[in-house]
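What follows is a set of notes on a single structure, which appears directly below.
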Amino acid sequence: MLTKILFTLLIVASVVWFSRRRAGMAGVQVEQPRENHRWVPLVAGALLAAVVAYGGYGLLQQHQVLEVSVTNQQGETQVYQVKRKDLAERAFVTVEGVKITLSDLDRMVVRQPG
């Protein structure tokens, strides 16, 4: 996500740089704006900070460790530690790296530890 944002900013900066360079080579002077827009960098910075914060929050949510209780057909219950990103509807990967697939008769309960 962050890579996509940085790549987009790189493309925009490149286009602005090339357009100013080309205008300078052609002898055409780029007209400077008369108004002083000091709020533009502030808004751009706030928007960038919001995007980075949202991406960071999503990353933290994906790595949150949950407790998954699996009850089989005989009523035996086992508890596993699973990251949220590794949890699917009928399968999951534990923090130890063990992949577990559940049958249709198994019951899964997901809880946040604490």
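The values are calculated or read from the model by the stated rules, or taken from the named source; none is laboratory data. In this text, all values refer to a predicted model and were calculated from it rather than measured experimentally. Don't worry about glycine lacking a Cβ; one is built from the backbone with ideal geometry, like all the others, and counts go over all protein chains shown.
Restricting attention to segment 55-114, the residues that are part of a strand (DSSP E or B) and closer than 30 Å to residue 6 by Cα add up to 6. Evaluate the following for residue 81: is it within 15 Å of residue 64 (Cα to Cα) and modelled with pLDDT under 95? Criteria not met by residue 81.
If you check residue 114 against the conditions, is it of a type in the set (Gly, Ala, Ser) and surrounded by 11 or more Cβ atoms within 10 Å (Cβ to Cβ)? Here the answer is no, as residue 114 does not meet what is asked.
Among residues of segment 97-114 that are under 12 Å from residue 69 (Cα atoms), those with a beta-carbon under 9 Å from a residue that is among the acidic types (Asp, Glu) at least six positions away or on a different chain give the pairs 102/89; 108/89; 109/67; 110/67; 111/67; 112/67; 113/67.
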